[in-house]
Amino acid sequence: MSDNKIEIKNLYKIFGPDDKNMVKLVADGLGKQELLDQHQHVLGLRDVNIGISASSINVIMGLSGSGKSTLIRHINRLIEPTVGEIIVDGENVLEMDQDKIRDFRRFGASMVFQNFGLMPHRTVLENAMYGLNIQGVVSSEGEKRAQHWLDRVGLSGFEDRFPAQLSGGMQQRVGLARALATDADILLMDEAFSALDPLIRADMQAILLDLQDELHKTIVFITHDLDEALRIGDDIAILRDGELIQKGTPQKIVLKPANDYVADFTKDVNRARVLTLDTLSHEAGSKKGLPLESNLPIEEAMQKMVESKFNLVTVMKNNKAVGQVSLDDMVAAIAKPKPTNSGSTTTYR
Amino acid sequence: MSFFDKFPAMERTDLRDLKKGIDSSFKEFSRSWGEGIEAFFDPLFYFLVNFEKLLLATPWPIIIAIVAALSYLGSRSWKLSAGAAVSFLVIGYLGMWNNTMSTVALISVATFICIALGIPIGIAMSKSDRLQAIITPILDIMQTIPIFVYLLPVVMLLGIGKVPGLIAVCVYAMPPIVRLTNLGLRLVDKEILEAADAFGSNYRQRLFRVQLPLALPNIFAGVNQTIMMALAMVVIASMIGVKGLGVPVLQSIQNQYLALGLMNGLAIVALAIIFDRVSQQYGKRLQRHREGGSDV
């Protein structure tokens, strides 16, 4: 766990005047509804522990009210926690004083918002420059850097427009350029693409993945959309009612849902696109199959098998055979999972 | 049953003593502090007097050129600018030039004072709900209390003249700018403020780069209202010795000079319309960015 960029430990957030005293009740198992009914406090987060690894896209997923937006705002402390620790590069964000937290927000972590959070009175270029203005970068230098990122997100030529003159997708590109321009290691994205229509959303996901290939930022990405989570996430954490339910790679979430709640979530997913050959690979027999790379999604593998009339794949990693997968294995994996309850006692309410 | 027939009022002698007590203690206060307070307002007095002198000493074509230029800068409309220039020409031709200059000086200085005090108060109010709860009723009082009631103590303290007139105008005209500054700042989109915070803005950066620019349309509506209310006070200010267009209006009321009253009254209206249109157009231009998609 030592290569985690951000370490969230025992984080509780309870909304209400007497939140500190409510922690113990919640820790002892008082539920969200009971807390509201009996004590008029709202449970935001309950004992959340997440390690967020550096240089990868960490998706935090949940439905509305699950506490995901609350959680991401703790990382740069836009919301004060009730108790808990958030360690970034060995330093506890929650113990920083005002000046330090401001510096952390200026240089350490930038943010992209669901409704863009652009400043309507500033032009696109001025918006992209905002973080740099705040850092104190001289304006000629800031303009150059902001322009660079606007070019990267495909907004060349729109510098002098106002946000209200752009479409939603373009506005969020400005938001992305603004966040990238500060050169912060951490990028916090709060439902950044949720307000966009599906085609534009797919575009933005592609832009983000492209940029990430080169930038290797530590991205915390909040979403309620499982397809989005599976597409861009290196790692997915699922929140429900303020509690972390499962955390793992997309394959693991789909193949081994921790409980019925997650299983229910994942049941409509296109499993053939999420699962890769190595997740199904088992020891190779003597028969020779079609050699394919281990990180290939099953969907594409099946297509190749049909084209070449094979019904067995030899899974290759670094030009060495590491296992095999038969067509039957693939069909079985794609078929709807049988209800499992493995590894968890939580029941789906 | 006499309890129900007659209101249980204070004894008449007690009431008289109470009023006397208040009166005499205020007189005492004004006797011992009056000069000090007057000295405090001296800079204001010199500022106002000298500004008026400057306006009166400047040749009239230059004043008209300045009026036309400012109107154009504010509104970007030749029509409005020409209208302002013609109004001033007519006012001058009808012999009201000097009074108009005095009134313009008073209104300008009063508006300047109201902005200089009102905007900071509005900012402070927007930051604290408690302060808002304290200041709002004070503003209500300033706007609704009969003007003569606070004119009296001001006159007792400072005597008759320009400064008490200016204070009276400011008391009446300041509430809108305070209220609308407060309102404008409170209406700024929370998500935009959160974005400003998320990028590490400190208080000043947040206020000057985000909040005030976004609240500007409302603040400007407040400035506009303040100017209008200051103009509305011109006649009443003339009752305590402020020179300007109010003086002839007052004379006309006392002596039934219909034409005199009408002309000076219309001059005040003309000033009001020019100030209003120019400042409104300027306020509109500040909101250009709100028009979406017009040139895409």
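List of remarks:
- When the protein assembly as shown is described by a simple charge dipole with +1 on each Lys and Arg Cβ and -1 on each Asp and Glu Cβ, the residue from B:248, B:39, B:126 located farthest towards its positive end is B:248.
- Here the range A:60-167 is treated with +1 on each Lys and Arg Cβ and -1 on each Asp and Glu Cβ, and its dipole about the Cα centre works out to around 320 debye.
- Among beta bridges that DSSP assigns inside the protein assembly as shown, antiparallel share in %, nearest 5: 55
- Ranking A:297, A:319, A:172 by how far each Cα lies toward the positive end of the dipole of the protein assembly as shown (charges on Cβ) leaves A:172 at the top.
- Residues of the range B:103-119 with an amide N closer than 18 Å to a point placed 7 Å from the Cα of residue B:49 along the Cα-to-Cβ direction: B:103, B:105-107, B:109-110.
- One equal scatterer on each Cα of the range A:4-266, no solvent, Debye formula: the resulting log10 I(q)/I(0) at q = 0.09, 0.11, 0.12, 0.14 Å⁻¹ is -0.42, -0.62, -0.74, -0.98.
- Gained length - residue A:164 relative to residue A:319, 0.36 nm times residue gap less alpha-carbon distance: 50.5 nm
- Too-long pairs where the Cα-Cα distance tops 22 Å, listed order kept, from A:252/A:317; A:24/A:252; A:288/A:317; A:13/A:217; B:53/B:162; A:287/A:320: A:24/A:252; A:13/A:217
- Chain B: most fluctuating residue of B:98, B:50, B:255 per GNM, C-alpha cutoff 10 Å: B:255
- Dipole moment magnitude, nearest 20 debye, the protein assembly as shown about Cα centre, only Lys, Arg, Asp, Glu C-beta charged: 1380
- Helical runs assigned H by DSSP (4 residues or longer) give chain B a calculated mean residue ellipticity at 222 nm of -27500 deg cm²/dmol, each run adding -39500 (n - 2.57) before division by the residue total.
- A crude spin-label estimate for the pair residue A:141 and residue A:270, with each label 7 Å from Cα along the Cβ direction, gives 4.6 nm.
- Cα centroid of the range A:164-227 to Cα centroid of the range A:45-102, whole Å: 19
- Spacing of the modelled spin labels on residue B:60 and residue A:334, each 7 Å from Cα toward Cβ, amounts to 9.3 nm.
- Listing A:243, A:80 from fewest to most neighbouring C-beta atoms within 10 Å gives A:80, A:243.
- Extreme residue, positive dipole direction of the range A:31-109, given options A:55, A:31, A:93 (C-beta unit charges): A:55
- For the range B:24-284, the relative contact order is 24 percent, taking Cα pairs closer than 8 Å that sit 6 or more residues apart in sequence and dividing their mean separation by the residue count.
- Stokes-Einstein translational diffusion, the range A:1-151 - Kirkwood Rh over all Cα pairs, 1.002 mPa s, 20 °C, in µm²/s: 122
- With a Förster radius of 41 Å applied to the C-beta separation of residue A:256 and residue A:97, the computed FRET efficiency comes to 0.40.
- Residue-averaged 222 nm ellipticity for chain A, from DSSP H runs of 4+ at -39500 (n - 2.57), nearest 500: -10500 deg cm²/dmol
- q = 0.05, 0.12 Å⁻¹, the protein assembly as shown: log10 I(q)/I(0) [Debye, one scatterer per Cα]: -0.41, -1.23
- Contact order normalised by residue count of the range B:182-228, Cα under 8 Å, 6+ apart, percent: 53
- Shape class for the range B:196-296, computed from the alpha carbon gyration tensor (a ≥ b ≥ c): oblate, with a/c not under 1.5 and a/b at or below b/c.
- Computed E for residue A:21/residue B:19 - FRET, C-beta separation, R0 35 angstrom, nearest 0.05: 0.05
- Think of each Lys and Arg Cβ as +1 and each Asp and Glu Cβ as -1; about the Cα centre, that makes the dipole of chain A roughly 640 debye.
Laboratory data are not the source of any read-out in this text; all were calculated from the coordinates shown. Just so it is clear, the model here is predicted, and its values are computed rather than measured. Note that we place each Cβ from the backbone using ideal geometry, even for glycine, and neighbour counts take in every protein chain shown.
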